[in-house]
Every structure is written in C-alpha cells, then in structure tokens.
Amino acid sequence: MRRRHRSAPARRWRILWLVCVGSTAIAADGPQITTLPTVLVSPSSMPGPGIDPNHLPYQVQRVDASALKDSQATNVVGYLSGSLTGVNINDVQGSPFQSDITFHGYRASPTLGAGQGLSVYLDGVRMNEPFGDIVSWDVLPEAAIESLTLMPGANPLFGLNTLGGALVFTTKSGLTSPGFDADVSYGSYARRRVDLSYGVSNAQGWHFFGAGTYFDENGWRKQSAGHLGNVYLKAGRHTEANDWDVSLLAVDSKLVGNGLLPAQRYDGDAGTFANGLYERNRRDIYTAPDVTRNRVDQLSTHFTHRFSDEIALTALAYARRSRRDTVNGDVSDDYEDYVDDCGAGFDASGAPLDDDCGFTRDQGAALADSVFNTTRTRQNGEGAALNLTGNRGAHQWILGATFDRSTVSYSQYDEDALLDEANRVVYPIPGAERTFFSGVSGSTRAWSVFASDTWAVTPTTHITGSARWNAVHQDNTLSTDDGTQPAASHSYTKFDPALGLTQDIGHDITLFANASQSNRTPTVIELGCADPDAPCRLPTGLQADPDLKQVVTRAYEAGARWHGGAGMTLSGEIYRTDNRNDILFLRAPLSQQGYFANVGRTRSEGMDLDLGQHVGRLSWHLGYSLLLATYQSSGSLQAGERTIDLRPGMRIAGLPRHSGKLTVDWQATPAWSIGADMQVYSGTVTSGNEDGRIDDDLALRQDWGTAGYALVDLRTAYQPNDTWEFYLKVSNLFDRRYESYAQIADDDLPDGQLIRPQIAPGDAPTTRFVAPGTPRLFSAGVRLHF
C-alpha cells in the first residue's frame, strides 16, 4: 500500500528555514560557486533597465548563450531539464521539441488541454499561445537566444498564467553578437542540426542580426522522424537617447510524438500481470501516425527612449499568425464499443450472445477498426505594451500597461481508417469521408496595468512592492456535428499584489522573503467542456460553454544567498504555492466521459538548494530540489480510465519528490575541456494510481509508480584557435532504462493486436502506459566563428 503524504505542519517550514540559513552559515568557512549572475536582471517581462539580483526577494536562475553552447544540449528544453534546479521533464510525446517542462510542480506544455502554470516570454512578447496557453518549444529561435532567466513564484509583473514561475528569453543583436557563427552536428538515429547566425553594426549605431536553425532526425523510436526550421531577423539602431529594432520570426516544423507505450497490464479475470510492448522493445510505438505541423510568423518591434540616466520609456508591439494541424491514428470509438459490448461473443449463426452488442459477427468483422483524428487550428494575435522605468533616490520603480487580443478557429475531424497490425500504423480507407466532429471560434481581449517599486530603506535593506490588475474578455462560439451553439461571453478581472524583503546581514549573506499572488483565466478548451450535463472526451470534444472561476495562486518564498571567497556561492530557498479554484478534468456520473470544473485547492511546497564553485581550471554546480505537490481538497478526478477519489494530502502524479543535478567542467588544457553532467530523480506517482488502486471495480491495490533513476552525460570540446571548435557528447552514458511519466488506461492492442470478441472474448486490460526515456545517444559537431 502506497504511503501518502499529508499537509506539512508549521514545524516543517521552520526546519527547512534552518536548513537554508544553517547551510549558508556552515559554507561561510569553505569555497563556493555562484548561481546568480553578476549582471542585472529585469524584474518584469518587458525589456529595460535591470536590477541587482541580490535585491530581488526571490531566487533567480539566469543562463547566457555561452552556457547553452557549452552544455551541448539537444535544445533549450534539454538544457532546462538537465541544468536548472527545480525543473523536470515529462516526455509524454517522445519528441525532443514536444516535452512537458515542470518547475515547482507547474507546467509549460505544448499539449492542448494540459493545465498550464508557467508564462514564457521572448523579448517581452508572450509566447503562451492564446488557445490553451500552450507553449510550442519548436517556435523558439534557439540560434538567436542571448540569455534565459527563470523567475520563481506567482510574480504578478509577468501577467496571466504566472502561477509557478516565468521563463524569459532575450535575443541577440548585431551589437551584442557580431560576426559569423556556424554550428553543425550529427548524432545517433541520423539526428542532424545546423545553426547559423551573423551580426554586424557600425559607428552610427545601425545593427543587423540574422539566425536560422535546421533540425532533422529519424528518431530513436519507430515511426518518429521529425524536422523543423526557423529563421530570425533583427535590425535596428542604437543612439545616445533612443534604441529601436524590428524583428521577424518564421517557423515551420513537422514533429512526430508517438506518445506513451503500454507496459505491464493486469488481467482481471485471471488475476495476473503480464508485460507489454515496452518491456519487449522500448523503441516500439503504440499507434501511428501522430504528427503535428506548426507554421508561425511573428513580427515585433521595440522602442526605448531615455529621458535621462534615471528615466526611460520602453514600448513594444507584435503581431503573430500561427497554423497548427495534427493527425493521430487511433483505435476508433466504435470499435471500442464493439469490444466492450460484444465481449460475450457470438453464437453459431453470428448473432451476439449479449443483448448490448449492436453488431452481428459479420458486421463486426467489417467494422472500420481505426480512425484518423485530425485538428486544424488558426490563431492570430496582436499586442502592445508600455514600460516606464525610473531610478530616483532610494527608489527603483516600474509603471506599465499591456494590451493583447487574439482570434482563434479550432476544428476537430475524424475519418474511418484501418490498422496495419504488423506495424500498428493506421492507414486511410479509399473514399472514406472526413467528418467534422466539433470546434470553436472566438476572440480574446486582455488588458493590464502594473507597477513595482524597489525601495532601499537602508543600504542593506530593500523592500519590493508590486501589483497588477488584469482584465480578460472572451467571446466564443462552439460548434458540433449537431450544429452551432449560441455565442457566449466571459469576463474576468483580478488585482494581484506582491511584497518582498531582502536583508544583507553581513559576511556576504543576504536573507530574503516574498509573498505574491497571480491568476489564470480559464482557456477556451476548458470553457468548451465544463458542463457535467454535457460531458466530452478531451481533447476530442467541445460540448458546452458555462462559466468557470479563474485560478488564483498565492506563493510564499524565503531563503538565503551567500557569495563567498574562492569563487563559491550557496543559495537556499523554501517555497509554498497554493492554488484556489484549480481547474481539473472530472469524470461525469455514470459515464466514461468528463468535464472541466473548479475543484478547490492544490499545493506545491518544497525547497531548492544550489551550491557551486569556479576555481582555477575547475568549475562545478550542484542543485537539489524537494517538491511536495498535493491535492488539498476532496472530490473526484478523471484520470484516464479511472476515477480517483481525492483527499487532502494525496500526491499529484508525474512529479518527482526529489531531484538533483551535478555539473562538472575541467579545462584540461587551454584548448581542451572535459565535462560531465548527472541528473538524479526519485520515482513519481502514476496518473490513475494516486489512490494506490489500478481499477475502479477491483479492491486490488498496486503501486504502479515509476522508479527513480540517474542519468550521466559526458562531453568534451577541443578549440585549437578562436575560429574552430570540435565537440563530442554521449548522453545517457550507461544506457539507463527509465520512464519519465506513466498513466493507467485500457489497452485496446494487447501485445500489439486488436481484441476481437468473436475470436477471443474479453475487455481491454487495465494497463500502465509509460513515456520511455531516451537511450544512449552520441553526437559530434563543429563550430566556426569569424
């Protein structure tokens, strides 16, 4: 029986606080590495003057382009999950550009319908898409990234959806990155990548920067080839009083995410367990195709005017057009009904033995067993923002306003198809008609005003107060195969404050504490499936459009930072975030379908510790994170094929309680460097197994959680001169077999074969589906700079 964690008493927080401060005091006698940058950090999503990170009442993780390059990570997502403390990955889709990133239990995901809790910005432009707040990692122009900053907590200055944190990217320019750079690599499973960039400027302040990325791979799993390409262009001018630039981003990708693979299954009739496709071959797939095609064009412009050395005004405007098309081959609902209702089989004449079966044997044999589920999404978005910053006396302040509007058209279709069981590939039936299933069209308008002030009460004491007022209005029209429903409107407003304190207590030790609030308004897809009297199957149905309450998150953080001698730094932080009116997908009564609803409270609490040092030719960094993510309300939760009876203190699935990351770099010679990375994660709870059960109809209790694991990467680089650099990396050196996520569902293809009641009666077995971890990969490349 699984042991469950209950809400932490107050003494736990006192213990964690003593660990943070006590560790800092102990380390004051030894060496250290800094996890905070020496440069200034912008305290809001808008570009502009920064602030000393030691004056911020929360812990910031900032990374520049050189660190991204030296890590030799596959992409930005790989770097985030492998290097930043508190960040984890759920590789649900299986593509390196379609992963779910979680930070302190909150998600930034490309999956429509997944609850989002992190906001993402590129040069001040919000990258969470209007429809569902999803984040498409393939849209980021990685060759143009100058830095990334991860801000924790419910910081209101970063706007809607900043429940657990904000991820802010800035891009290069001809001023900051002059010259030509090329990075060409090749790796296992024909993984090919090319990054090119060129920057130039002149004495009059004119500057230009261009970058492009091409990525292509066969994929380490079957039927998983994918590719993407993007181009980023920026031009502008810098003068004594003014800065301006215009940038263009164009992206085209075709990614394959073959998703979860069935592992161990349970035969309820025999009372036995059996292995599935995953145990036999982790490179296998369940069904194919599973393709997402993204095309995005974004134009943005920035303008900054400095009235004086202390006061500056920054403005930005953007327009984005995106087109997304998906196709998924699945076992059809009609065939599932056929299996469920005709499990008793047929008599000699072909008539069903069960009255619930709506098919004869001949009709069942002729039934199209599979279906192509396709979606078509078209989004247009525009927005503008103003940011006035000032530094007068003891105050460093910000005043700002934003406006965003978007339109969306989303449609779902299905088409009868057949399954090639040998390869589990769904293929079309000649002449089959694509049928509209459901869709939504609508518009969203969002306004906000915000302000912040960091007040130096004394040279060692800083108080930061922030606030933001958000207003959102949505107009939606839902359509189904039964017709178009009347238009519906929803409006939300919220005032979110924050207050923080930093105190320098001497000996290079700074204490900090912060309290903040932010909110998330329901997305269109959540509003479109929120009526218990008209449930739907997510994400293949939109049935009703009632009101949902917005999610409100309150976050509390406290910790300490120490910058000592011998290049060492140490930081520790404890945090707690509480969600009120969290939105979850619930099962409808007497139905396999469900609906979104507000279900009370959830909580994420824990601790982050960072320790590191740069001394001589050696540098290292160690990060540890404790995360206790729990439900804090009673109710019911639809999780795959199961209904979970929630109770306060029950762990949330898919989030490891413990995670640790160690990075070591050694400059062996002036030209040759060697590095190693280790990631360690504890096990996670499987979705659908939160209560320790695997079937609603059985009293059997079984721990089907994922096991903990450790990964080791090795890398080396040789740079004979300033022009050339050669590098090599081995990921998952010991070829560790692991799973980053799991959920319980019925397996309609046990052992890769369709269930046929007329041959082998029986329902689909309850199965643990897993996200297979990436095996050992090799990559080698060359960089050129001049």
**Prompt:** Just wondering, is there one or more residues in the range 441-452 that are hydrophobic (A, V, I, L, M, F, W, C) and outside any strand (DSSP E or B)?
**Reply:** no
**Message:** Residue pairs, Cβ under 6 Å, 6 or more apart or interchain, first in the range 302-320 and outside any strand (DSSP E or B), second open to solvent by less than 40 Å² (accessible area, probe 1.4 Å). List them.
**Reply:** Glu310/Gly390
**Asked** Do the conditions hold for Ala467, that is, is it farther than 30 Å from Ser322 by Cα and either surrounded by 21 or more Cβ atoms within 10 Å (Cβ to Cβ) or touching a residue at least 40 places away in the same chain (Cβ under 8 Å) (or both)?
**Response** yes
**Request:** Name the residue, out of Asp347, Asp414, Asp404, Asp356, that is over 31 Å from the mean Cα position of the chain (by Cα) and either hydroxyl-bearing (Ser, Thr, Tyr) or open to solvent by less than 70 Å² (accessible area, probe 1.4 Å) (or both).
**Result:** Asp347
**the range 125-135: number of residues that are open to solvent by less than 10 Å² (accessible area, probe 1.4 Å) and assigned to a loop (DSSP other than H, G, I, E, B)** = 5
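Of the residues Asn423, Asn514, Asn470, Asn476, which single one is of a type in the set (S, T, N, Q), farther than 30 Å from Glu382 by Cα and part of a strand (DSSP E or B)?
Working: Asn423 fails: part of a strand (DSSP E or B); Asn470 fails: farther than 30 Å from Glu382 by Cα; Asn476 fails: farther than 30 Å from Glu382 by Cα.
Selected residue: Asn514, the only one of Asn423, Asn514, Asn470, Asn476 that is of a type in the set (S, T, N, Q), farther than 30 Å from Glu382 by Cα and part of a strand (DSSP E or B).
Consider the range 612-638. How many of its residues are at positive phi and touching a Leu at 6+ places or on another chain (Cβ under 9 Å)? It would help to see each step written out before you state the result.
Quick first cut of the range 612-638, residues at positive phi only: 616, 635.
Pick out the ones that are also touching a Leu at 6+ places or on another chain (Cβ under 9 Å) and you get 635.
Matching residues across the range 612-638 total 1.
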**Message:** Quick check on the range 185-198. Is at least one of its residues farther than 20 Å from Tyr79 by Cβ and in a strand (DSSP E or B)?
**Reply:** yes
**Message:** Between a residue in the range 254-265 that is under 23 Å from Phe215 (Cβ atoms) and open to solvent by 20 Å² or more (accessible area, probe 1.4 Å) and any residue that is basic (Lys, Arg) and not in a loop (DSSP other than H, G, I, E, B), which pairs come within a Cβ distance under 7 Å, given they are 6 or more apart or on different chains?
**Reply:** Lys254/Arg293
**Asked** Pick from the range 644-671 the residues that are among the small types (Gly, Ala, Ser) and closer than 22 Å to Gly623 by Cβ: which of them is farthest from the chain's Cα centre (by Cα)?
**Response** Gly660
**Asked** On the given criteria, is Asp722 open to solvent by 50 Å² or more (accessible area, probe 1.4 Å), touching a residue at least 40 places away in the same chain (Cβ under 8 Å) and over 25 Å from Gln98 (Cβ atoms)?
**Response** yes
**Request:** Looking only at the range 691-706, decide whether some residue is open to solvent by 60 Å² or more (accessible area, probe 1.4 Å) and touching a Phe, Trp or Tyr at 6+ places or on another chain (Cβ under 8 Å).
**Result:** no
**Item:** Inter-residue pairs, beta-carbon under 6 Å, first closer than 17 Å to Val139 by Cβ and surrounded by 23 or more Cβ atoms within 10 Å (Cβ to Cβ) and in the range 209-221, second modelled with pLDDT of 95 or more and of a type in the set (A, V, I, L, M), 6+ apart
**Value:** Ala211/Ala143; Ala211/Ala144; Thr213/Ala143; Phe215/Leu228
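When you scan the range 688-702, do you find a residue that is among the β-branched types (Val, Ile, Thr) and under 29 Å from the mean Cα position of the chain (by Cα), even just one? Explain how you work it out, then say what you get.
Restricting attention to the range 688-702, the residues satisfying the condition of being among the β-branched types (Val, Ile, Thr) are 694.
Within this subset, residues satisfying the condition of being under 29 Å from the mean Cα position of the chain (by Cα) are 694.
So far as the range 688-702 goes, yes, one or more of its residues are among the β-branched types (Val, Ile, Thr) and under 29 Å from the mean Cα position of the chain (by Cα).
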**Item:** strands (runs of 3 or more DSSP E) wholly inside the range 588-632 containing at least 1 residues that are closer than 30 Å to Thr669 by Cα, at pLDDT 90 or above and among the hydroxyl-bearing types (Ser, Thr, Tyr)
**Value:** 618-631
**Asked** So which residues in the range 139-169 are touching a Gly at 6+ places or on another chain (Cβ under 9 Å) and not in a loop (DSSP other than H, G, I, E, B)?
**Response** Ala143, Ala144, Leu150, Met151, Pro152, Leu157, Phe158, Gly165, Ala166, Val168
**Request:** Output the residues belonging to the range 482-498 that are part of a strand (DSSP E or B) and in contact (Cβ under 8 Å) with a residue 40 or more places away in the chain.
**Result:** Ala488, His490, Tyr492, Lys494, Asp496, Pro497, Ala498
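The values are calculated or read from the model by the stated rules, or taken from the named source; none is laboratory data. This one's a predicted model, so the numbers in the text were calculated from it and none came from an experiment. Don't worry about glycine lacking a Cβ; one is built from the backbone with ideal geometry, like all the others, and counts go over all protein chains shown. Protein only, heavy atoms only, side chains kept; ligands, DNA and RNA dropped before computing areas. Shrake-Rupley method; radii C 1.70, N 1.55, O 1.52, S 1.80 Å.
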